[in-house]
Every structure is written in C-alpha cells, then in structure tokens.
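Shown next, in structure tokens, is the structure this report addresses.
Please treat every number below as a calculation from the coordinates, not as lab data. Remember, predicted model here, so these are calculated numbers, not experimental data. Note: ideal-geometry Cβ built from the backbone for every residue, glycine included; neighbour counts use all protein chains shown.
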Amino acid sequence: QLLSRKYWSTWSPFTTCEETNQLRKHSSQIVSLLNSLWIFSLFLCAVTSPDGENSGEEKVSFGDEPIEDYPSLVSLIMYYKSKNETRRMCGGTLITDQHILTAAHCWDAADTKTFKAVLGSRHKFHAENDDGDVIAFDLDSVSMHPYYSARLGFVNDTAVVTLPRKVKQSRAIKPIRLAKQVYTDNVRVVGWGMMDCKGGVPDRYLYAKGWIVDNKTCLKASRLKISKSHICAKFKNKKGDDSGSDRGDSGGPLLATAADGKDVQIGIVCKSRKMYRPSECTRVSIPMVYTNVPGEETFIKSIAPNAEFV
C-alpha cells in the first residue's frame with residue numbers, strides 16, 4: 001500500500017490541503033520503510049557472505065541430547081544492560097582456566113561491549129547448579145586471528161577470549177585439549193543451535209556424531225570457499241537422519257577421540273551452506289565447514305600459552 005502509485009503522484013498547486021497532508025504522511029512512512037530496509041540489509045551483510053555462506057550464528061540441526069556431559073563447552077551471550085535482556089550469541093570451549101576458544105566471526109557485528117560466558121552448564125543462559133559459573137567480560141578481552149577474513153571465505157576464523165579471572169575447575173568445568181593433528185575417531189559436534197528447519201532452539205545443548213570429509217569432496221559438494229585453514233565433516237543423528245551444525249552453534253567445538261581415548265578438539269564451527277528458505281535452515285545433507293584447530297596452534301598459543309595440544 002505504501003508503495004502504490006497513489007502516493008507517488010506529483011503535487012500541484014491544485015492539490016487540496018487534505019491531500020497535501022495525506023501525501024506528507026505517506027511520504028514519511030515510505031522514507032521510514034526504506035531506512036528500515038537499508039539497516040536490515042546491512043545486518044544481512046554482516047552475517048552472510050556474498051556466496052551464501054551461512055555464518056555468524058551456527059547450531060546442531062536434528063541432533064540428540066547427549067548422555068555424557070561436555071565440561072569444556074561454553075555459552076557466550078550478548079547482554080544488553082539498557083534493555084535488561086540477553087540474547088544467545090555463540091558457543092566456545094574452555095582451553096585453560098582463563099581462556100575460551102571460539103570463532104572470530106562471532107564478533108564481526110558485535111554492537112555492545114558487555115558479554116557473559118556461561119560455563120559448566122547444559123543450559124545456554126544460566127548455570128545449572130553450584131558447579132557452574134557465569135563470568136562477565138568486555139569486547140576488549142577478545143583477540144581475533146590477525147589473518148581472519150570473512151571476505152575470503154572465513155579463513156583463520158579463530159578468536160580467543162581472555163576472562164577477567166580464573167575459573168575454578170570442577171566436575172562440570174574442565175578445559176579441553178586441542179589437537180596437533182586431525183583425529184578421525186568418534187567425531188562429534190555439540191551446541192545450542194536450531195533443532196530443526198522450523199527455527200526451534202533448544203534450552204540444553206545437543207550433539208551429533210559424524211565423520212571427516214576430505215576438502216576436495218567438501219568443495220565439490222558444498223560449493224563454499226575451502227582453504228587449508230578448514231576441515232569438513234558430515235553427521236547423522238541416532239535415527240540415521242542427516243544432522244549437523246547450524247545457526248547458534250558458531251564457535252563451538254568439533255570433537256574427536258585421541259589415541260589415549262580422551263576427547264580432543266579438532267575444529268571450530270565456522271560455516272555451512274544455507275537453503276534459502278524463510279527459516280534459513282542449513283543444508284545438513286552436505287558437509288559442514290570447520291576451522292582446522294591444528295593449523296591455529298601458533299595463534300592460540302600466543303594468547304593462551306598454557307593451552308594443551310596433543
């Protein structure tokens with residue numbers, strides 16, 4: 001209605017006062033609408049690359065609730081003091097008693113300086129019990145990889161958060177070891193992302209099991225920009241349906257089992273191919289792309305020298 005020809009007519013000296021006021025009213029509405037569309041387009045550019053790479057808020061689509069706990073998993077929350085509200089942002093992992101590993105693209109469009117890290121909880125917004133912890137930090141605490149680039153395909157999509165204090169380790173809070181090589185046994189992804197293509201988001205984290213896909217196959221199947229800083233994986237849930245990381249999982253871990261039988265982080269949730277539907281559901285039938293943790297060791301160690309690589 002606002003864009004109908006009726007309100008784009010040229011004003012003339014014969015236009016009545018009533019018609020003039022009506023024209024002014026609807027012209028103002030049109031300007032407001034165009035401004036809103038312009039701001040929305042800037043937001044889309046901040047979270048989606050020109051090639052349709054879905055990044056900025058990835059999750060575990062069609063995943064299952066795990067039996068075991070993941071004590072290194074961290075929920076990173078954007079907190080608006082003025083509005084007295086919180087919003088889920090990204091995932092991450094505790095890698096020392098004072099450092100969190102996450103994705104650099106999580107901070108591309110950060111519009112506030114106040115954040116919270118929820119540790120030791122399956123819930124995304126609050127600590128589940130006395131073993132959990134919630135720590136506030138600011139944007140200055142985030143160190144992004146110096147060669148990170150969203151424009152070049154989210155290369156070196158790595159960031160390290162330095163917390164203002166050390167966390168007390170417990171049964172529910174423990175650092176994860178990082179991989180010096182890409183282990184392929186018992187591959188899993190964990191996070192709080194969308195549960196399905198209807199936009200459902202879990203209160204407790206989900207997981208899916210999968211396997212590593214070589215980069216050549218990944219490039220052909222996903223048609224995304226794949227570099228040496230990436231690894232790819234595919235997943236299925238307990239029912240055998242395709243699963244994988246999606247909106248809400250960004251920055252979370254791609255895990256595997258090392259030779260000693262213990263968990264190790266081999267990747268960071270980075271990007272995926274979306275389906276171009278209103279819900280922006282990710283195409284879980286094609287490989288998901290992760291930052292290759294072994295290739296990020298030098299940068300990670302420069303910020304968190306006590307991080308353990310195996």
When ranked by the protection proxy of mean other Cβ atoms within 10 Å per residue, highest first, what sequence do the peptides 250-258, 222-230 form?
-> 250-258, 222-230
Where does the charge balance sit around Arg171 when Lys and Arg score +1, Asp and Glu -1, over other residues with C-beta under 10 Å from its C-beta?
-> -1
Excluding His99 itself, calculate the net charge of residues whose Cβ lies under 11 Å from the Cβ of His99, where each Lys or Arg counts +1 and each Asp or Glu counts -1.
-> +1
